[in-house]
Amino acid sequence: MAGSIALRTKRASAYRPIASTGESLLTRTILITIALATLALFLVLPLVLIFTEALKQGLGAYFAAFTTPDARSAIRLTLITALIAVPLNTVFGVAAAWAIARFEFKGKSILITLIDLPFTVSPVIAGLLFVILFGTRGWLGPWLQEHDIRIIFAVPGIIIATLFVTFPFVARELIPLMQAQGSEEELAALTLGASGFQTFWRVTLPNIKWGLIYGIILTNARAMGEFGAVSVVSGHIRGQTNTMPLHIEVLYNDYQTSASFAVASLLAFLAVLTLVVKSIVEWKNARSHAQAAREAEQGDHQ
Amino acid sequence: MLPGFGLSMGFTLLYLAFLVLIPLGGLVLYTSTRITWGEFWSRAVTDPRVVAAYKLSFGASLIAAVLNGVLGLIIAWVLVRYEFWGKRLVDAIVDLPFALPTAVSGIALTTLYARTGWIGRLFDPLGIQIAYAYPGIVLALVLIGLPFVVRTVQPALEDLEQDMEEAASALGATRWQTFYRVILPNIMPSLLTGFSLAFARAWGEFGSIYFIAGNMPFKTEITPLLILIRLEQFDYVGATAIGVVMLVAAFFLLLLINLLQWWSRRHQAS
């Protein structure tokens, strides 16, 4: 399902253009132009606009947008949410990937479908699920009210909704990676007397390191940027339950466009950083693949 | 035998139980015990404002997914088959919608395509309104769905055997015939997967549309927004009824696409 966001372990196809299977220069130029124009119009131009609008009123105004009490509170809440959601979802992702990629069991495809669920469920419905569970008129609402515990329209609700929308990412990065690597090295370590924990720490972890790093960075970007689900459970209380994306919305609707784009530029920067990390990780993977292939070839010659 | 199956599996199931199964169970139980058929019918099936939202969400998602299919195929094709300056950068930037928060792309697109925006002002003299109208919604959905098609079609194109194309050309097929008769049927399952992922994502999308849609009831109000509006009025019944319709529709769409994929794989094999 969500294989589309997984890292690609293979790079560069073996395609070699020859006259009978290539296109004319004109066709090539037209297709490249369409592709580049689409990406420029939909991706590059919005990105350029975010930073242009953010800096429109000068650097002073740009930095002032981060120092208002509401902005500080939003940044703090976003950091707290990510600080809780990312480690929990990382542990989940590693555990789920270990169970799914290393063992055969009945109902595996059902388990994978469950993990993919947040990709197909609307973020607003994700929020709705927790309102029905914890909201004042929901299942646990009366009990929570009696004990003076607030989840909806409070920080715990924001964290739970964020957990829900971002839990698949680490698992989704690691499962294909670990399946491709196989378990020979781990079995060898166990045979040589390593404990299960030592095997994981010394053999598995170094092998999945780069995929794990990308999974964590992507989870973090999505946790900090989630809008729909958080919007439903937050209640938009300024200075209390507004995260950075919700603060962007408040500023934008208040016609404080520059300030809104200033906060947006932080998240846009985080997104670009995520793509840079992804490129580095794919490059590292391609290099280690090439090295492994070279070593195998040398082994054949000896 | 590797250790840790019980531990990792137990933790995974416990985590999923609390985060997914119990909340989903809560929704099902709420729908079946607290909403009567009559209520469900009047709130989520016959209410004209809700029906208008379904039509908008479905139509815009379909148009966007079709556009994504065409544009995504062209981008994947260009990235796999041609060499040009800056290709690696272009390849990296395709993933931007996965990492960019929807609220951020939402306000950026709105500012860009509003009447006074960099692109909107080019269309304004022609009398074409993009932001706060139907085209704006489609635009936002194309943006968020584009990487799904590119990233599913790209590997399929990379794996394509070139011999088939050479054979087709040797047998006298034109390049277009080769594409239409040989290449397209081979990558069809992946293209359908990408299309369905883009469609499913568009059907539930909220953040990026929220800003550009204008949110006028009966005109530019999408279904997820209606759920949010109902919840803001503490109308759990109305929100849940619409939510159930959205979930059931998403489920049937995925089922349909899976059938299509199965059919196209079988078709290809014969």
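Comparison of B:M1, B:M9 shows that the only residue that is at pLDDT below 90 and either under 30 Å from A:G93 (Cβ atoms) or part of a helix (DSSP H, G or I) (or both) is B:M1.
Could you grab me the full set of residues in the range B:148-186 that are touching a residue at least 40 places away in the same chain (Cβ under 8 Å) and small (G, A, S)? Listed by number, the list is empty, since nothing qualifies. A count restricted to the range A:153-206 and to residues that are open to solvent by 60 Å² or more (accessible area, probe 1.4 Å) and among the hydrophobic types (A, V, I, L, M, F, W, C) stands at 6. Hey, does the range B:38-47 have a residue that's touching a Gly at 6+ places or on another chain (Cβ under 6 Å), buried (at least 20 other Cβ atoms within 10 Å of the Cβ), modelled with pLDDT of 90 or more and not in a loop (DSSP other than H, G, I, E, B)? Yes.
If you filter the range A:94-139 down to residues that are of a type in the set (F, W, Y) and closer than 14 Å to B:I22 by Cα, you find that the one that is least open to solvent (accessible area, probe 1.4 Å) is A:F130. Screening B:F84 against (1) of a type outside the set (K, R); (2) assigned to a helix (DSSP H, G or I); (3) open to solvent by 30 Å² or more (accessible area, probe 1.4 Å) leaves a single unmet condition, (2). A Cβ distance below 6 Å, combined with a sequence gap of six or more or placement on separate chains, defines the contacts here; from the range B:231-250, residues that are closer than 16 Å to A:P123 by Cβ and free of Cβ contacts under 8 Å to residues at least 60 places away in the same chain reach no residue that is of a type in the set (D, E, K, R) and open to solvent by 30 Å² or more (accessible area, probe 1.4 Å).
Of all residues in the range B:56-89, which are at the interface with chain A (Cβ under 8 Å from one of its Cβ atoms), of a type outside the set (F, W, Y) and touching a residue at least 12 places away in the same chain (Cβ under 8 Å)? Before you say what the answer is, go through the steps one by one.
First pass over the range B:56-89, keeping only residues at the interface with chain A (Cβ under 8 Å from one of its Cβ atoms): B:71, B:74-75, B:77-82, B:84, B:88.
Retained after the next criterion (residues that are of a type outside the set (F, W, Y)): B:71, B:74-75, B:78-81, B:88.
Answer for the range B:56-89, where residues must be at the interface with chain A (Cβ under 8 Å from one of its Cβ atoms), of a type outside the set (F, W, Y) and touching a residue at least 12 places away in the same chain (Cβ under 8 Å): B:L71, B:I75, B:L79, B:V80, B:R81.
Restricting to the range B:196-248, and then to whatever is within 14 Å of the chain's Cα centre (by Cα) and of a type in the set (S, T, N, Q), can you tell me which residue is modelled with the lowest pLDDT? Going through the qualifying residues, I end up with B:S196. Number of residues in the range B:134-149 that are more than 8 Å from every other protein chain (Cβ to nearest Cβ) and under 15 Å from B:S196 (Cβ atoms): the value is 4. From B:F206, B:F234, B:F211, which residue is facing chain A (nearest Cβ under 9 Å) and out of contact with any helix residue (DSSP H, G or I) (no Cβ under 7 Å at 6 or more places or on another chain)? After applying the criteria, what remains is B:F234.
Any chance you could count how many residues in the range B:191-241 are aliphatic (A, V, I, L, M) and under 30 Å from A:G141 (Cα atoms)?
Step one: of the range B:191-241, the residues aliphatic (A, V, I, L, M) are B:191-192, B:197-198, B:200, B:202, B:209, B:212-213, B:216, B:222, B:225-229, B:231, B:237, B:239, B:241.
Add one more test, that the residue is under 30 Å from A:G141 (Cα atoms), and what stays is B:222, B:225-229, B:231, B:237, B:239, B:241.
The number of residues fulfilling the criteria is 10.
Can you confirm whether the range B:53-69 contains a residue that is in contact with a helix residue (DSSP H, G or I) (Cβ under 9 Å, 6 or more places away or on another chain), of a type outside the set (D, E, K, R) and outside any helix (DSSP H, G or I)? Taking every residue of the range B:53-69 in turn, none turns out to be in contact with a helix residue (DSSP H, G or I) (Cβ under 9 Å, 6 or more places away or on another chain), of a type outside the set (D, E, K, R) and outside any helix (DSSP H, G or I). Scanning the range A:140-152 for residues that are open to solvent by less than 20 Å² (accessible area, probe 1.4 Å) and more than 10 Å from every other protein chain (Cβ to nearest Cβ) returns a single hit, A:L144. A:G215 meets the stated requirement of being touching an Asp or Glu at 6+ places or on another chain (Cβ under 7 Å), open to solvent by less than 10 Å² (accessible area, probe 1.4 Å) and closer than 30 Å to B:P224 by Cα.
So for the range B:133-143 (the condition being at pLDDT below 95, open to solvent by 60 Å² or more (accessible area, probe 1.4 Å) and not in a helix (DSSP H, G or I)), does at least one residue qualify? No; the residues of the range B:133-143 include none that is at pLDDT below 95, open to solvent by 60 Å² or more (accessible area, probe 1.4 Å) and not in a helix (DSSP H, G or I). Contact map, the range B:102-115: first residue of a type in the set (G, A, S), second residue not in a helix (DSSP H, G or I), Cβ cut-off under 6 Å, separation 6 or more or different chains; pairs are B:A103/A:F227; B:A114/B:A131. Scoring B:A170 on the criteria (1) more than 21 Å from the chain's Cα centre (by Cα); (2) more than 8 Å from every other protein chain (Cβ to nearest Cβ) leaves a single failure, condition (2).
The values are calculated or read from the model by the stated rules, or taken from the named source; none is laboratory data. Fair warning: this is a prediction, and the values are worked out from it, not measured in the lab. For neighbour counting, all protein chains shown are included, and Cβ atoms are generated from backbone atoms with ideal geometry for every residue, glycine included. Areas reflect the complete protein model, heavy atoms only, side chains present, ligands, DNA and RNA absent. Shrake-Rupley method; radii C 1.70, N 1.55, O 1.52, S 1.80 Å.
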